[in-house]
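Remarks on the structure that follows.
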Amino acid sequence: MRPQRQQGTGTGLQSKQECGKTRNAAGTSKENAMDRTIARHLAKRGMTPTKPPKASLTFSERNPDFFKWFYESVMGFDSEEYRREFWREARRTGHTIGHVPYGLKESHRRRDSRLEGAATILELLIGGSALAVWLIRRMVDRHIQRLRRPTYYETERARRLGLAEERRRIRRRRTVNAMPGREELLEAFRKAKDSPADMIRFGSLIEDLECYVDNTPYFKDGQLIGRRGGIRRHLEREIPELYARYKTVMRYKALSKRFRQAVGVSDPVPAASLLPEESSRERNREDENSLRNEFSGNYGEGMEKVNRRENVEKQKEKESVRGEFGAKKIMVKEILEACEGSVVSLAAQLEIRINPNYTPPIRTIRTLGKSSPIRISRSS
């Protein structure tokens, strides 16, 4: 006999919340897996996360916890990490890794009971004095931090942290391109794996699409409860072939966004406008954009005039973009030439340029096509 299915005790809302948590956990695990893949890719090529220079760490940064600093630096006790490692190794193998951990409990056991009161008073005096020294050092560090100019590492890491925050921000986006059509998106998706440039081209189209769909957040009782469908719902209605590969589509979009940050451009500049023209496809698309802009939304003579005016403004904006960011194509060429043809290699090239964990401690000055490291202690 087939066993009877047990009835759930939770409500439907609870089940949806649990399913949402499961999906979020699965998405987070996949993102972490991708990050680990990129880290392994870079490690095989001799690139590891940068450790901050010791000279740039102040007393406050080295000792953020007063009690840890007091126990280890003032009282001379062993760290909690060493204690755990010592006893873990002793229980597992029966061997020790060094001397027996010495801490506050061991200090009290060795203390003479006749001097208990005097020892306690002495500890309180030492602790109070150490707290005063610790607070004064933190005040001095804050004052020095305000006076001195930041090092290159600090400035560059702060910039990269700002880029990471920008990627998580919800805002209204702009582009000089028209809304991409169904066939254009499908063709770009089919060619996305041909080269790193085609990956970015498709991601750039998805970024353009984001500017024309509604993904604004909505609130209830002053609290954020969700966002409107945006790209996901548009693909579900108009392009089900891409909706079935939604996660892959959004992965290309994230690459395009990181690519723009690595090159140093923002809205309304699309990533595709910085890529080298391999064929006449870009020019054909620009002509198609102008025609689509001219005939889209043709709801009367008044709307035609508005659309023509918008087309002229977009064309002027596009021409200014070409002239202003022409020099950035050198950096684009370097990124594309360093790629090995895979999504991981492209993502790795972008990571070393925008990830805070890969912030270089020195600045590299490029001369005659070669990069030579120049140690700079202060930002110019």
Of the residues in segment 123-134 that are closer than 30 Å to Glu85 by Cα and surrounded by 11 or more Cβ atoms within 10 Å (Cβ to Cβ), the one that is nearest to the chain's Cα centre (by Cα) is Trp134
Count of segment 244-259 residues which are touching a residue at least 24 places away in the same chain (Cβ under 8 Å) and touching a Leu at 6+ places or on another chain (Cβ under 8 Å):
4
Count of residues meeting criterion [in a helix (DSSP H, G or I) and either outside the structural domain of Pro356 (by TED's automatic domain parsing) or touching a residue at least 60 places away in the same chain (Cβ under 8 Å) (or both)] in segment 194-208:
10
List pairs: first in segment 106-118 and within 19 Å of Gly76 (Cβ to Cβ), second modelled with pLDDT of 80 or more and assigned to a loop (DSSP other than H, G, I, E, B), Cβ under 9 Å, 6+ apart or cross-chain?
Glu106/Phe77; Glu106/Val100; Ser107/Met75; Ser107/Phe77
Qualifying residue in segment 54-62 (condition: in a loop (DSSP other than H, G, I, E, B) and modelled with pLDDT under 80):
yes
Quick one: in segment 76-122, of everything that is closer than 25 Å to Asn63 by Cβ and charged (D, E, K, R), which residue is surrounded by the most Cβ atoms within 10 Å (Cβ to Cβ)?
Asp78
Which members of segment 170-184 meet the condition of being surrounded by fewer than 21 Cβ atoms within 10 Å (Cβ to Cβ), part of a loop (DSSP other than H, G, I, E, B) and not β-branched (Val, Ile, Thr)?
Arg171, Arg172, Arg173, Arg174, Met179, Gly181
Restricting attention to segment 145-154, does a residue exist that is modelled with pLDDT under 90 and over 30 Å from Ile352 (Cα atoms)?
yes
In this structure, is Arg137 loosely packed, with under 14 Cβ neighbours inside 10 Å and touching a residue at least 24 places away in the same chain (Cβ under 8 Å)?
no
Pairs returned, first residue in segment 62-79 that is farther than 16 Å from Leu122 by Cα, second residue that is among the small types (Gly, Ala, Ser), beta-carbon separation under 7 angstrom, 6 or more apart or interchain, are Glu72/Ser79; Phe77/Gly103; Asp78/Gly103
Residues within segment 77-115 that are over 41 Å from the mean Cα position of the chain (by Cα) and closer than 25 Å to Phe66 by Cβ, tallied:
9
State the number of residues belonging to segment 159-205 that are in contact with a Ser or Thr (Cβ under 7 Å, 6 or more places away or on another chain) and of a type in the set (Val, Ile, Thr).
1
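The values are calculated or read from the model by the stated rules, or taken from the named source; none is laboratory data. Bear in mind that the values here come from a model prediction, so they are computed numbers and not experimental data. Cβ coordinates were reconstructed from backbone atoms using ideal geometry, including for glycine residues, and neighbour counts include every protein chain displayed.
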